[in-house]
1. Go over the candidates LEU53, LEU45 one by one and state the one that is outside any helix (DSSP H, G or I), within 14 Å of the chain's Cα centre (by Cα) and on the phi < 0 side of the Ramachandran plot.
2. Could you list, in sequence order, all residues of segment 1-35 that are closer than 16 Å to TYR71 by Cα and out of contact with any strand residue (DSSP E or B) (no Cβ under 7 Å at 6 or more places or on another chain)?
3. Applying the selection to segment 35-64, what residues are surrounded by fewer than 13 Cβ atoms within 10 Å (Cβ to Cβ) and either without any contact (Cβ under 8 Å) to a residue 24 or more places away in the chain or among the aliphatic types (A, V, I, L, M) (or both)?
4. For LEU40, work out the one condition from (1) at positive phi; (2) modelled with pLDDT of 95 or more it doesn't fulfil.
5. Please state which one of LYS74, LYS65, LYS78 is modelled with pLDDT under 95, part of a loop (DSSP other than H, G, I, E, B) and closer than 21 Å to ILE10 by Cβ.
6. Out of the residues in segment 4-17 that are closer than 27 Å to PRO62 by Cβ and out of contact with any helix residue (DSSP H, G or I) (no Cβ under 8 Å at 6 or more places or on another chain), state the one that is surrounded by the fewest Cβ atoms within 10 Å (Cβ to Cβ).
7. Residues that are under 13 Å from the mean Cα position of the chain (by Cα) and polar (S, T, N, Q): does segment 57-65 have at least one?
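The values are calculated or read from the model by the stated rules, or taken from the named source; none is laboratory data. Everything quoted here is computed from the prediction, not taken from an experiment. Cβ coordinates were reconstructed from backbone atoms using ideal geometry, including for glycine residues, and neighbour counts include every protein chain displayed.
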Amino acid sequence: MRNDLAEAFIQKGAACYVGWSGLVNLDYTDTFTKELLQNLLEKELPLKKAIDLTSSTIGPEPDHKTEMLYYPEKFWDKKLYDIIH
C-alpha cells in the first residue's frame, strides 16, 4: 500500500486507512473482508490482531501474495469503536 494515498484520505478526515499492498483477487477480497469485519465488529478485536487473525484464517492471497495493511500504524492496538470515535 502506498502511504501517499493513505495520507490523502487522512488529510480529508479519515482516521485510518486499510488497504492491500498490491493487486488482489476479487473473490479473495470478498472472503477476507467478510472475515475481517466479523473480527472487528463481532469479536471486537484490535485492528492489527483482527488483520493477523483474518490472514491466518483465510491464508495468503493465491495469485499476487499481497497483504492487508493499515495506516497510520498508531492504530495497531485500537478497536474499531476507538478509531471511529
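1. On the way: LEU53 fails: outside any helix (DSSP H, G or I).
Exactly one residue qualifies, and that residue is LEU45.
2. Let us first name the residues in segment 1-35 that are closer than 16 Å to TYR71 by Cα, namely 1-22.
Answer for segment 1-35, where residues must be closer than 16 Å to TYR71 by Cα and out of contact with any strand residue (DSSP E or B) (no Cβ under 7 Å at 6 or more places or on another chain): ARG2, ASP4, LEU5, GLU7, ALA8, GLN11, LYS12, GLY13, ALA14, ALA15, GLY22.
3. First, the residues of segment 35-64 that are surrounded by fewer than 13 Cβ atoms within 10 Å (Cβ to Cβ): 42-44, 56, 59-60, 62-63.
Correct list: GLU42, LYS43, SER56, GLY59, PRO60.
4. Failed condition: (1).
5. On the way: LYS74 fails: part of a loop (DSSP other than H, G, I, E, B); LYS65 fails: closer than 21 Å to ILE10 by Cβ.
LYS78 is the lone residue from the list that is modelled with pLDDT under 95, part of a loop (DSSP other than H, G, I, E, B) and closer than 21 Å to ILE10 by Cβ.
6. Looking at the filtered set, the residue picked out is LEU5.
7. Start the filter on segment 57-65 by keeping residues that are under 13 Å from the mean Cα position of the chain (by Cα), which leaves none.
Taking every residue of segment 57-65 in turn, none turns out to be under 13 Å from the mean Cα position of the chain (by Cα) and polar (S, T, N, Q).
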